[in-house]
Amino acid sequence: MRTISFPRMANYHVPIEFLLKSLLPGERVLPAPPVTRKTLELGSRYSPDFACAPFKYTLGSFLEALQEGADVLVQTAGGCRLGYYSEVQRQILWGLGYKFELVNLGGNEFGPLGMYRACKKLGCTVGYGRAAYYFALAFRMTAILDELEGYIRENLVFERPPGRFESLHGEFLNELKNVTGFESLRVIGGKYRRLINSVELTQPEEYLRVGLVGELYSLMEPFCNFYMEKELAKFNIALKRLINVTYLLFDKKRLASRTLKEARPFLKYEIGADGTDSVAYMKLLAERGYDGIIHLKPFGCTPEVNAMPILQNISAEYKIPVLYFSFDSQTSETGINTRLEAFRDMLEMRRKLRAK
Amino acid sequence: MTIGLPRALLYYRYSHLWENFFTGLGCDTLTSPETNKAIVAEGARCCASECCLPSKIYMGHVRWLTGKCDYILVPRLEGFGPRDKVCVKFNALYDIVRNTFKDAPLLDYDIDHKRGRGELAGFLRMGAKLGRPFFKTLAAYNSARGARQAEERLAAERQDSLMRARPEVTVPKVLIVSHPYNTHDNMLGRPIAEHIRRLGAQPVFADQASSAECARLAGEISPSLYWTFNKELVGAIKLYEKNIDGVVFVTAFPCGQDALVNELVMDKLKHSTPMINIVLDEIWGDAGIQTRIESFMDIIDARRLKYENNIIPAHG
């Protein structure tokens, strides 16, 4: 029996673990431990100097997984440097003397079919029809997870007293592990949708609305952005975020030409990876009268650096402030909180000035 | 009519194509001068601080050209095939320039494999925008493309003949592996090549090797590499492996591709030839770079001496 492991991002290890367990019933599936400071330190010790933060985080996760006895690692791919991660990381880990197999789901192996083929190579005996069923179930699970987390994100600020959302969210993640089929997923999803929707919300008279745009990993992995979403909720700021895994896997491709059209007149062409989405979404939120935008990216993320001059122009045209954050292994939480506080104060002052 | 060509990034790859094409259409071309400190400073001022150094230099060249010509050529590249991508900087170059210099008149063409847009279609559209007749544009493009291919072949042959010279009678050869916009830039790679020459070695350039052959050979070093420009550079190491005495990687800070690719290649080939990775940034420190190159050349000389005396085996 082999141990299959993969790096964590936010809470998506739940559907991925479910999928791998269903496809490879004979193997042990062990998601890498949750991302901590140690993960980042381990990862950046062995990473190339100016590799981006997600590279360092996932390398650290692999190291932690290998120390816990993993012997098959899974890495995915994307439109920028992400597609090249697996080869470099494999080389680095081999150089450190680890024995393992790395499954690369990038390039021609991107998507469910590639993942199924990779599982076949690992000895998966599940047939095509059954595998398609499991994929559909895992995608549905991801969609429900994204939906409920989206609701929590947007309403966290209105919850008085705070804490109920968090405990419900934890229970929901726990119960997702008991899913066996569409029916049980529907029941669990329905139960928590009801519970979460019935949490009492008090709409304060004054609150700020801020949109989060930027690179996917630093947006989605709360450790990477120092739990910014929770911090902002404490600041009386309601959040909106477009990027989640459901969007990236399905909607992004389907809506690509619409996204580009929405980004006009600021863009004529796509600017790579999720840069176009950042521009289009910021423009949308600016048109809806949001108070400010926060742009997150790892240091040196080219697609998001590409978007910056354009975001700056949107900011000037719609008179909406933007706060830029770059995350690296040396980023300090205090620095981020100070800047967030100053940003909040500035937004509040603008609010008051406009009200006069 | 004058078309401005910024002497940065893709210029070093397509200059023959562009110059011949626009001359064929009856336009004048104005190329910005060699990079100097003022251009870099001006470019850095127009950019987000996290942009890579070559892109800052590019912006400086565009800035120099504004107001001096009727159009500035800023192409947009997405990729040449499903496994032949370019850095996403080239995806966005046109929009970055357009958003930075709002009044600058830009001329663009788009190479996008995903949307099925090729070079020919892009050039035909440019010809139409400049008001030139279809067949004249087509002829100009064809002859320009021929000129570029001939020039590339010539450069590859020149380099190959250097390589064919018997090793024992020649000076050490050092392969410079870097993007052409670094290698041949006045401020970035050229001082390094000159210094190598001053120290009595012959610099050879990865970007001047036959690109088709290099792209093929790159797969032997890194099978999942999907950046065309990096493939062509990395493949040259394999192509010239037996003829060179050392490899100098030159990276501009913070190049996303080179950060990963060079690291991987250096790790995989660490037992073949001496290698050094030089990272260039806006803080020009000639002395530091010269010291590093000098000590690198010392290593090469020591190895050659040992080869001649057969002290170490050929693979060591």
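The values are calculated or read from the model by the stated rules, or taken from the named source; none is laboratory data. All figures in this text were calculated on a predicted structure; none of them were measured in a lab. Cβ coordinates were reconstructed from backbone atoms using ideal geometry, including for glycine residues, and neighbour counts include every protein chain displayed.
Some points to look at:
- Test: A:Asp291 is free of Cβ contacts under 8 Å to residues at least 40 places away in the same chain, more than 14 Å from every other protein chain (Cβ to nearest Cβ) and of a type in the set (D, E, K, R): no
- Of the numbered criteria (1) of a type in the set (Gly, Ala, Ser); (2) more than 26 Å from B:Tyr226 (Cα to Cα); (3) in contact with a Ser or Thr (Cβ under 9 Å, 6 or more places away or on another chain); (4) away from every other protein chain (no Cβ under 14 Å), the one B:Gly131 fails is (3).
- Among residues of segment B:108-125, those that are part of a helix (DSSP H, G or I) and under 23 Å from the mean Cα position of the chain (by Cα), counted: 4
- Residue among A:Val305, A:Val322 that is within 11 Å of chain B (Cβ to nearest Cβ) and either surrounded by 21 or more Cβ atoms within 10 Å (Cβ to Cβ) or touching a residue at least 12 places away in the same chain (Cβ under 8 Å) (or both): A:Val305
- Looking only at residues of segment A:180-205 that are part of a loop (DSSP other than H, G, I, E, B) and more than 15 Å from A:Ala233 (Cβ to Cβ), we find that the one that is modelled with the lowest pLDDT is A:Glu205.
Here is a yes/no grid of residues against (1) under 21 Å from B:Gln208 (Cα atoms); (2) part of a helix (DSSP H, G or I); (3) in contact with a helix residue (DSSP H, G or I) (Cβ under 8 Å, 6 or more places away or on another chain); (4) free of Cβ contacts under 8 Å to residues at least 40 places away in the same chain:
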| site | (1), (2), (3), (4) |
| --- | --- |
| B:Ile3 | no, no, yes, no |
| B:Ala8 | yes, no, yes, no |
| B:Tyr12 | yes, yes, yes, no |
| B:Ser15 | yes, yes, no, yes |
| B:Thr29 | no, no, yes, yes |
| B:Glu42 | no, yes, yes, yes |
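- Here the condition is being closer than 19 Å to A:Arg153 by Cβ and part of a helix (DSSP H, G or I); of A:Leu260, A:Leu248, A:Leu239, A:Leu296, it holds for A:Leu248 alone.
- Within segment A:1-36, if we keep just the residues that are of a type in the set (Gly, Ala, Ser) and farther than 24 Å from A:Lys56 by Cβ, the residue that is modelled with the lowest pLDDT turns out to be A:Gly26.
- Residue count for segment B:278-301, restricted to those that are in a loop (DSSP other than H, G, I, E, B) and acidic (Asp, Glu): 2.
- Number of positions in segment A:61-112 that are in contact with a Pro (Cβ under 6 Å, 6 or more places away or on another chain) and more than 10 Å from chain B (Cβ to nearest Cβ): 2
- Some residue of segment B:84-95 being in contact with a helix residue (DSSP H, G or I) (Cβ under 8 Å, 6 or more places away or on another chain), within 14 Å of chain A (Cβ to nearest Cβ) and surrounded by fewer than 19 Cβ atoms within 10 Å (Cβ to Cβ): yes
Yes/no matrix, rows are residues, columns are (1) surrounded by fewer than 17 Cβ atoms within 10 Å (Cβ to Cβ); (2) under 16 Å from A:Ser22 (Cβ atoms); (3) modelled with pLDDT of 90 or more:
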site	(1), (2), (3)
A:Gly111	yes, no, no
A:Ala118	no, yes, no
A:Gly127	yes, yes, no
A:Ala132	yes, yes, yes
A:Ala136	yes, yes, yes
A:Asp146	no, no, yes
A:Glu149	no, no, yes
A:Arg160	yes, no, no
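- Among residues of segment B:204-219, those that are in a loop (DSSP other than H, G, I, E, B) and surrounded by fewer than 23 Cβ atoms within 10 Å (Cβ to Cβ), counted: 1
- For segment B:100-123, filtered to residues that are more than 14 Å from chain A (Cβ to nearest Cβ) and buried (at least 16 other Cβ atoms within 10 Å of the Cβ), the residue that is nearest to B:Val62 (Cα to Cα) is B:Phe123.
- A:Gly60 vs. criteria part of a helix (DSSP H, G or I) and of a type in the set (Gly, Ala, Ser): yes
- Here B:Ser161, B:Ser143 are screened, and the one residue that is polar (S, T, N, Q) and in contact (Cβ under 8 Å) with a residue 12 or more places away in the chain is B:Ser143.
- Failed criterion for B:Gly79 (all others in (1) within 11 Å of chain A (Cβ to nearest Cβ); (2) under 22 Å from A:Leu311 (Cβ atoms); (3) surrounded by 15 or more Cβ atoms within 10 Å (Cβ to Cβ) hold): (2)
- Flag set for A:Lys268, criterion: more than 17 Å from the chain's Cα centre (by Cα), within 9 Å of another protein chain (Cβ to nearest Cβ), surrounded by fewer than 18 Cβ atoms within 10 Å (Cβ to Cβ) and more than 16 Å from A:Glu304 (Cα to Cα).
- Filtered residues of segment B:252-297 (kept if closer than 20 Å to B:Lys242 by Cα, among the hydrophobic types (A, V, I, L, M, F, W, C) and more than 13 Å from chain A (Cβ to nearest Cβ)): B:Met275, B:Ile276, B:Phe296, B:Met297
- Residue list for segment B:231-245, filter: touching a residue at least 12 places away in the same chain (Cβ under 8 Å) and in a loop (DSSP other than H, G, I, E, B): B:Glu241, B:Asn243, B:Ile244, B:Asp245
- Condition broken by B:Ser222, with the remaining ones in (1) buried (at least 21 other Cβ atoms within 10 Å of the Cβ); (2) away from chain A (no Cβ under 12 Å) satisfied: (2)
- Exactly one residue among A:Arg45, A:Arg28, A:Arg2 is surrounded by fewer than 19 Cβ atoms within 10 Å (Cβ to Cβ) and closer than 18 Å to A:Val88 by Cα, and that residue is A:Arg45.
- Single unsatisfied condition, A:Phe327 versus (1) more than 10 Å from chain B (Cβ to nearest Cβ); (2) out of contact with any strand residue (DSSP E or B) (no Cβ under 8 Å at 6 or more places or on another chain); (3) touching a residue at least 12 places away in the same chain (Cβ under 8 Å): (2)
- Failed item in (1) part of a helix (DSSP H, G or I); (2) over 30 Å from A:Ala355 (Cα atoms); (3) out of contact with any Lys or Arg (no Cβ under 9 Å at 6 or more places or on another chain), with A:Asp277 passing the rest: (3)
- Test for A:Gly97: is it exposed (fewer than 14 other Cβ atoms within 10 Å of the Cβ), of a type outside the set (Ser, Thr, Tyr) and modelled with pLDDT under 85: no
- In segment A:147-166, the count of residues that are aliphatic (A, V, I, L, M), more than 23 Å from A:Ala238 (Cα to Cα) and in contact with a Gly (Cβ under 9 Å, 6 or more places away or on another chain) is zero.
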